[in-house]
Amino acid sequence: VTFDVFTDCPVRTFFSNKTHGDMKNSEQNRLEFVKALGLNPKLLFGAEQQVHGKEVFWVTKDNLETKIECDAFITKEPGIIVSVRVADCLPVYVYDPEKKAVAMIHAGWKGLAQNIIKEAVIQLGKPENIRAAVGPCIQSCHFEVTGELARVFAKYPQAIESRDNKIFIDLPKIAQTQLLSLGLKAENIELSNKCTYDSEDLFSHRQNKGKETETMLAGIQLNYTSSS
Ligand SMILES: [Zn+2]
């Protein structure tokens, strides 16, 4: 997957699909996928467990082996691939040209409600320079919610839609609103309009009725040149 906001930025982004297999329970699938992209699987970092929290972890070559329960990762080291696993939740890719850092965030509704995007972005440089993209996730066409959940996001009325006596939430719009309020420029934010529920090539937790479900791998890497 590529995003226009990262054009001319020294980053590489990716998002797997069903053909690459489940990225949650199979380390082998993760390593093979990364290798097929021409990246070094030894530099792939992801959480042992994603917990819908708001902690942020800085990844370096010295702590790459850390087993951690966390949902947001930042690295300044070229070559290191920070990744998250998603199947409806939002994969948020971030590049900060000032600190020359990248961040990868797993943000479901719980993460958005806890402002996990903010927790990561405030650790970076000036927001007006930061670029961010939200990858494929469940879109408002299929994210039907209860009135109780809609109330959690009452301060984002523009992201709450009513259709046929049902309530739907536009999670990417909430992420966009949060990024704008942090000071990012509108033109530096990109939202994928691909819905995981609708896309036959993608895994979707909701589509799978909440059964143990497979996930995709989303990641970002500061470009690595073997000569450096
Ligand atoms: Zn949909």
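Read the figures in this text as sums done on the coordinates, not as results from a lab. The structure displayed is predicted, hence computed values, not measured ones. When we count neighbours, we look across all protein chains shown, and the Cβ atoms used for this are built from the backbone with ideal geometry, even at glycine.
The distance from the alpha carbon centre of segment 1-67 to that of segment 113-155 is 20 Å, rounded to a whole number.
Give me the percent of DSSP beta bridges within segment 1-160 that run antiparallel, rounded to the nearest 5.
DSSP beta bridges in segment 1-160 are roughly 70 percent antiparallel.
Between 0 and 90 degrees, the angle of helix 171-181 with respect to the longest Cα principal axis of the chain falls at about 70 degrees. Cross-link reach is defined here as a Cα-Cα straight distance under 12 Å, omitting same-chain residues fewer than 8 places apart; for Lys54 the aspartates and glutamates meeting it are Glu69, Asp71, Glu119. With θ taken as phi - 60° and the Karplus curve 6.51 cos²θ - 1.76 cosθ + 1.60 applied, the whole-hertz 3J(HN,Hα) list for segment 51-62 is 10, 6, x, 9, 6, 10, 10, 8, 9, 10, 5, 7 Hz, x standing for glycine and proline. If we count every other residue with Cβ under 14 angstrom of Arg30's Cβ, Lys/Arg +1 and Asp/Glu -1, where does the sum land? Result for the local shell: -1. Simple point charges give the picture: +1 on the Cβ of Lys and Arg, -1 on the Cβ of Asp and Glu, and for the chain a dipole about the Cα centre of about 220 debye.
Over segment 1-109, what portion of Cα pair distances is larger than 15 Å, expressed as a whole percent? Display every interim value, and only then the final one.
Working: 3719 of 5886 pairs.
The share of Cα pairs beyond 15 Å in segment 1-109 comes to 63 percent.
The value for the chain of Rg(Cα) / (2.2 N^0.38 Å) is 0.97. Using the Cβ-Cβ distance between Lys166 and Glu48 with R0 = 45 Å, the FRET efficiency computed as 1/(1 + (r/R0)^6) comes to roughly 0.80.
For segment 1-85, the list of GluC sites (Glu not before Pro) that fall in a loop by DSSP and count at most 12 other C-beta atoms within 10 angstrom reads Glu48, Glu65. Taking 0.36 nm per residue of separation and subtracting the current Cα-Cα distance, fully stretching the chain between Thr213 and Ala36 would add 61.4 nm. Among the GluC sites (Glu not before Pro) in segment 161-228, those placed in a DSSP loop whose Cβ has at most 14 other Cβ atoms within 10 Å are Glu200, Glu212.
Taking 7 Å steps out from each Cα toward its Cβ at Val1 and Asn17 produces label points 1.2 nm apart. The angle between the Cα long axis of helix 27-36 and the main principal axis of the chain comes to about 70°, on a 0 to 90 degree scale.
Spin-label model, Lys100/Val152: points 7 Å from Cα along the beta carbon direction are separated by 3.9 nm.
Each label was represented as a point 7 Å from its Cα along the Cα-to-Cβ direction; for Lys194 and Asn223 these points are 2.2 nm apart.
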